[in-house]
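**Q** Have a look at the structure that comes next, please.
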Amino acid sequence: MPRKKKPVIEYRHYSLPIHFPILLLSGDRWRISDIKSEHLHFHNHLEIGICYSDSGIMEIKGEAVPFKAGDVTFLPRYLPHTTYSSPGEASLWSYLFFSPEDLFQHSFKSAYSSFEPNLWRVQGKNCILNKAQYPKVYSLATSVVEELKQQNPYYQESAYGLLLSLYIELLRIHSTNETLAELDTEHSLKGDFIISPALEYITTNYMTPMTIDFLADLCHLSTTHFRRKFHEIMGTAPLEFLSSTRIEEACKQLKSTEDSILSISEQVGFHSISSFNRSFSRLMGVSPKEWRKAAQSEAHSAKASILEFTGWV
């Protein structure tokens, strides 16, 4: 009997605008069909979605959660999910992508060491917030979208303030939900999100040397089991994911600074310029020098650059 194929997980890499690092995706292109995708996907940035019409299902962390018009979704990075509309419908959405650390690091007190909820505590049902129950969330989210669409004078300042207020409101909601999760004595690191400690460590410490043994220890797994589990979930090996995270950070610096390519390669954790160039070219398709030149010429473009990494899980 042929072996049944397992679903695919895609890693989608979004490159944010340089001068105002918030990406808005909206318009009729973002109507979601009623055909269920065989692919789950996750992003390198936090995603906020606004559903304007119709209804459907969002699969999050193994949960099938219904959505409807007026819902706002709040999905931390690295959280696999997929969305499909109810039969015969095509729900209309707008999406905001940004990295809270980059955007709000100067607005939060130093006591805040984590800007996003812990993945293993996130429950799918808490990622979808309805307008009737959370009118403030809906009002703030739609206001951010309108500011970014209309681009009236001082729209960036207004959008920033609104998004900061929205993000704080969402953090408050998830903080309450995390407290409730901690009260569940049966709740522990299980299933796909057993690798969350490794993901979070890589995200914040990508520039430092690390071994697979060390990452496996963080997840309380043997090295062999960790390698297998990581590849099943992420569609790539742990050190390949570390390399892609470093390249992502290098892209930010290539776009926003005049630092030399050698300096940037060292800052993000590569020990030689040759290994950096090889890794960068393999992932981005061009050399760091060529990529910087193209990125700087498109500095004002809000178009997303998406890289998809797929693997059987």
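The values are calculated or read from the model by the stated rules, or taken from the named source; none is laboratory data. In this text the structure is predicted, and so the values were computed from the model without any measurement. So basically every Cβ, Gly included, is an ideal-geometry build from the backbone, and we count neighbours across all protein chains shown. In case anyone asks, the SASA skips ligands and DNA or RNA and just uses the protein heavy atoms, side chains included. Shrake-Rupley method; radii C 1.70, N 1.55, O 1.52, S 1.80 Å.
**Q** Do we find that ALA237 is among the hydrophobic types (A, V, I, L, M, F, W, C) and either open to solvent by 30 Å² or more (accessible area, probe 1.4 Å) or touching a strand residue (DSSP E or B) at 6+ places or on another chain (Cβ under 7 Å) (or both) in this structure?
**A** On the way: among the hydrophobic types (A, V, I, L, M, F, W, C): yes; either open to solvent by 30 Å² or more (accessible area, probe 1.4 Å) or touching a strand residue (DSSP E or B) at 6+ places or on another chain (Cβ under 7 Å) (or both): yes.
So ALA237 fits the description; yes.
**Q** Looking only at strands (runs of 3 or more DSSP E) that lie completely in region 1-90, which have at least 2 residues being over 29 Å from GLN296 (Cα atoms)?
**A** Working: elements: 8-12, 23-25, 39-43, 46-51, 55-60, 63-68, 71-75, 81-85.
Result: 8-12, 39-43, 46-51, 55-60, 63-68, 71-75, 81-85.
Table: residues versus (1) at pLDDT 60 or above; (2) in contact with a helix residue (DSSP H, G or I) (Cβ under 9 Å, 6 or more places away or on another chain); (3) exposed (fewer than 12 other Cβ atoms within 10 Å of the Cβ); (4) in a helix (DSSP H, G or I).
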| site | (1), (2), (3), (4) |
| --- | --- |
| HIS271 | yes, yes, yes, no |
| ARG278 | yes, no, no, yes |
| LYS293 | yes, no, no, yes |
| GLN296 | yes, yes, no, yes |
| HIS300 | no, no, yes, no |
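**Q** What tally of residues in region 129-150 results from selecting those that are crowded, with 20+ Cβ neighbours inside 10 Å and touching an Asp or Glu at 6+ places or on another chain (Cβ under 6 Å)?
**A** Selection size over region 129-150: 1.
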